[in-house]
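These notes concern the structure reproduced below.
The values are calculated or read from the model by the stated rules, or taken from the named source; none is laboratory data. Being a predicted model, the structure only gives us computed values, none of them experimental. Positions of Cβ are generated from backbone atoms using ideal geometry, with glycine treated the same way; all protein chains shown enter the neighbour counts.
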């Protein structure tokens, strides 16, 4: 009898533990936090409405971020899908109100200790379901560490709608209590930043404190004091608009009202814009101040600067790898007719200008959406860096004759595959040119991103015409192309020699990937190079077999193997990007170099110390060249020591909101950027191309 009772009791306890586990997944733990996927129900009924959430239990001193992380940070993401008897996909996160963390002149909107980020999941069908979720979040203390996790949670079926009250239901009730509700008060905001709430229930007795949290960044100075004034039926908060804010659009965010007892009431508002004492004309997101936006003849100057900048870009080291394809195309012109020469130049120009236009549209679109994207922004993506590295490696193999891009006789020199080859050469020229910045380009890009979108696209098109102009000149001037050396056996040797600048570029991109994601990611990239080398070789074997002997079965096998190698590379890259990065720290031991921060700059200037700021990135060839020839030379280093100049270095290799904001504040949208602050004086901006003499003359003033 006793044993039967004990058995029944154990069964009940066992069912209880299964129920508890059903509402929470296995944890993903690190030294900084523990993450799980949770649900508000332990089972699912037919067409069940379910709430799922990412539960983060943070160690003391660590925090993660709200939908608007503030002046620095990153927004968590959660993607949930359900399959099985009942299927569905999760919706957007319902964001609980964060705490405000002000440090070093920057504001963060963050969660500490523990938070559940819930979202709705509407299931269709009946039967059990398995939830699959992927989440990414950033945790910060003295350092910031990106983290991610994949979660699986299986919920059993129920024959009826399952009421709330699962093992983790309290987490969702707590999150719901902290989630803003729609405001019952009318909200408006004036052009000079006065946010007004009006309605019954507002009084000095009911509101002792209040503050506003903007849903989007780049709208207000988030650190500035928000002066509160409360009267019967009305509340005002004094906000400080940024110059880049859309003052003609509703102000969206959360107002938190706190009463005398300490009870907080978060309200979701959408304040309509109204006239004010200093209401300003609409300013586009991240645009330059109105006085800096070109008008009339100013746009002709910007277009000219864009053209000249694109022209000079041909001389920058970034474009050297593409000189292989351009040199071969020019050599091909020597034996071609006039019509073929003009067609080659036309399609190359279409490739260049089309790529510039697409790049400009993406950058302008990201800016209008509130992003800090600048020139060369795509190289902040490790996936893009590796993709370009692999592409250049395959092109090098093609130049060496391992395989041919287009069909032809065995041993025939391929020079680009006709008109499509000319367009692809132009596209590639733009891709590899973006890590470089030429003189005049800074003003042109700032004008493009600060003015109307149509003019911005025209500026990028003008830059593309500048890059393509030398090729147009060779093809367009009668007699120039005809004086080019005639095609011959020497072209095969030149073609192979020019593969090695592409391989050298791959080495540089491997170095960039190491800085962005660490040595493990570099090993993955190098492994991909080996696999792609095998793919190119076996593809070439199939081509030769087809040209010499036929053998369709062998050719098909070779091509299938090559495609499988490429697919494996893509899958490995995707998996590598999901892993937490362990970036290599470059320059950590450099004496006298400090990492840039607005707080450190303000501190040094308040102390009256001279400061030199270097905004750079590992993928920026111009930056690297400037460092080698103008900054890391003995004469300049000695001058810095003699004058006790503090060197602040901002590394934009990976996305960094603080550096992006600093660049925009100085009318720049890319690196390199150099500025020198003499004691108690305004900053002096240096040219983008440096020499030791320029640096010495600037710091000697």
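Things to note:
- Test: residue in the range 359-376 that is more than 30 Å from residue 247 (Cβ to Cβ), crowded, with 16+ Cβ neighbours inside 10 Å, touching a strand residue (DSSP E or B) at 6+ places or on another chain (Cβ under 8 Å) and modelled with pLDDT under 75: yes
- Some residue of the range 689-701 being crowded, with 19+ Cβ neighbours inside 10 Å and part of a strand (DSSP E or B): no
- Among (1) modelled with pLDDT of 85 or more; (2) farther than 19 Å from residue 515 by Cβ; (3) crowded, with 18+ Cβ neighbours inside 10 Å - the single one residue 669 does not satisfy: (1)
- Hits in the range 45-61 (condition: assigned to a loop (DSSP other than H, G, I, E, B) and buried (at least 22 other Cβ atoms within 10 Å of the Cβ)): 48
- Taken residue by residue, the range 626-643 has no member that is outside the structural domain of residue 220 (by TED's automatic domain parsing), at pLDDT 85 or above, in contact with a strand residue (DSSP E or B) (Cβ under 6 Å, 6 or more places away or on another chain) and not in a loop (DSSP other than H, G, I, E, B).
- Residue list for the range 608-625, restricted to those being more than 21 Å from the chain's Cα centre (by Cα) and in a loop (DSSP other than H, G, I, E, B): 608, 609, 610
- Output for the range 607-636, where each listed residue is over 17 Å from residue 512 (Cα atoms) and without any contact (Cβ under 8 Å) to a residue 12 or more places away in the chain: 607, 632, 634
A quick yes/no check of all residues on (1) in the same structural domain as residue 69 (by TED's automatic domain parsing); (2) at pLDDT below 90; (3) closer than 13 Å to residue 202 by Cβ; (4) surrounded by 13 or more Cβ atoms within 10 Å (Cβ to Cβ):
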position: 234; (1), (2), (3), (4): no, no, yes, yes
position: 239; (1), (2), (3), (4): no, no, no, yes
position: 251; (1), (2), (3), (4): no, no, no, yes
position: 256; (1), (2), (3), (4): no, no, no, yes
position: 261; (1), (2), (3), (4): no, yes, no, no
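- Considering the conditions (1) touching a helix residue (DSSP H, G or I) at 6+ places or on another chain (Cβ under 9 Å); (2) at negative phi; (3) crowded, with 21+ Cβ neighbours inside 10 Å, residue 73 is excluded by exactly one of them, (2).
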